[in-house]
Amino acid sequence: PSTTVPHLQNDSWGKQYSHALFKAMSHMLCIGYGQQAPEGMTDVWLTMLSMIVGATCYAMFIGHATALIQSLDSSRRQYQEKYKQVEQYMSFHKLPGDTRQRIHEYYEHRYQGKMFDEENILGELSEPLKEEIINFNCRNLVANMPLFANADPNFVTAMLTKLRFEVFQPGDFIIREGTVGKKMYFIQHGVVSILTKGNKETKLSDGSYFGEICLLTRGRRTASVRADTYCRLYSLSVDNFNEVLEEYPMMRRAFETVAMDRLDRIGEEWSLGPAWLPLCLLPGATA
C-alpha cells in the first residue's frame, strides 16, 4: 500500500525497511492489516490481495510442514494408525481387560513402536540384495546355532530366506502335544520349556530349535512346548523344510547320521525302533 508514515520519512534505511517488512508480514500472515488501516480504494484492494496471497502461502506452509514432520518417522505413524484400529476392534468386541493388555504387550514386543511392510520391501529387491539383508538380520541366529555355523553357506541362505518371524508371550503354548506339526522353530531370543508325558521339563534358549520331528515323520507332536519368557522365534513350514532338504541331500544324510548317534544315547527314553532312525530328531532338538 502507498500509505506513508510521516515519522519514518527521514529515518534510516533499516528502520524504514523494518516497518515495511512488519506491514507486509501482517498482511501475508493474515493477522491484521498493519499499523495503519488502508486509505483509499487502491490501498484497500492491494491489502485484500496481499491477505489472500498470504493466506494461501500460509496454508501451503502448514501443509508442507505437517507432511515433513510426518515423513520423519512414517513407520511410527503407521504403527500408531494400525494400533488405533486394534483398539477400536477390541472395544467393538468388548474384549476383557486382561486380554486387551496382552494384545497391547504383544504389539509392543512384536513391532516395538514401528511397522514396516517387510515382505513387500524385500519382494521389490533383487535376489542378491534380499539374501544379503536376510543374512544380516539373522546374523545372531546363525552365530548362536551350531547347525548353521557348520553347514554349507548356500544351505544356510536357503533356510533363512524361508523363515518367518514370530513372537510368543510368557505362558503361550507354541506347540501342543498330539497336534499335527506343520512348522519347526528356531529360537532367536527367549527360553522355552519342553513338556513330555513323564512331566519332565527341558529348557531351550537362544540358538536352539525344536519341532522338526513332525516335519520329518509327518506325524503328531510328541511333546508340548511352552514359552517361559517373551520369545522371538523364526518358523519354517513343512513344505519349505522339505524343499530345502531336497535341494541339499547331503545335509539330509548328515542329519540322519547325527540322529542315529543321538538315538544311541536317548533311544530308550523315546522308545523309537531302528526303523525310525532316518526320521528322528536332529541334534539339540525335540518335539
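See the values below:
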item: Which numbered condition S50 misses (of (1) in contact with a helix residue (DSSP H, G or I) (Cβ under 6 Å, 6 or more places away or on another chain); (2) modelled with pLDDT of 75 or more; (3) open to solvent by 100 Å² or more (accessible area, probe 1.4 Å); (4) among the hydroxyl-bearing types (S, T, Y)); result: (3)
item: Residue in segment 156-165 that is open to solvent by 70 Å² or more (accessible area, probe 1.4 Å), out of contact with any strand residue (DSSP E or B) (no Cβ under 8 Å at 6 or more places or on another chain) and not in a loop (DSSP other than H, G, I, E, B) present; result: no
item: Within segment 88-155, helices (runs of 4 or more DSSP H) holding 3 or more residues that are within 16 Å of the chain's Cα centre (by Cα) and hydrophobic (A, V, I, L, M, F, W, C); result: 127-137
item: In segment 1-16, residue modelled with the lowest pLDDT [restricted to those that are within 60 Å of the chain's Cα centre (by Cα) and open to solvent by 50 Å² or more (accessible area, probe 1.4 Å)]; result: P1
item: Answer from E131, E87, E105 - the residue that is acidic (D, E), open to solvent by less than 80 Å² (accessible area, probe 1.4 Å) and either farther than 27 Å from V238 by Cα or assigned by the TED database to the domain that holds L245 (or both); result: E105
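The values are calculated or read from the model by the stated rules, or taken from the named source; none is laboratory data. Bear in mind the structure is a predicted one, so any value in this text is a computation, not a measurement. A quick note on method: Cβ atoms are made from the backbone with ideal geometry, for glycine too, and the neighbour counts reach across all protein chains shown. For accessibility, only protein heavy atoms count, side chains too; no ligands or nucleic acids. Shrake-Rupley method; radii C 1.70, N 1.55, O 1.52, S 1.80 Å.
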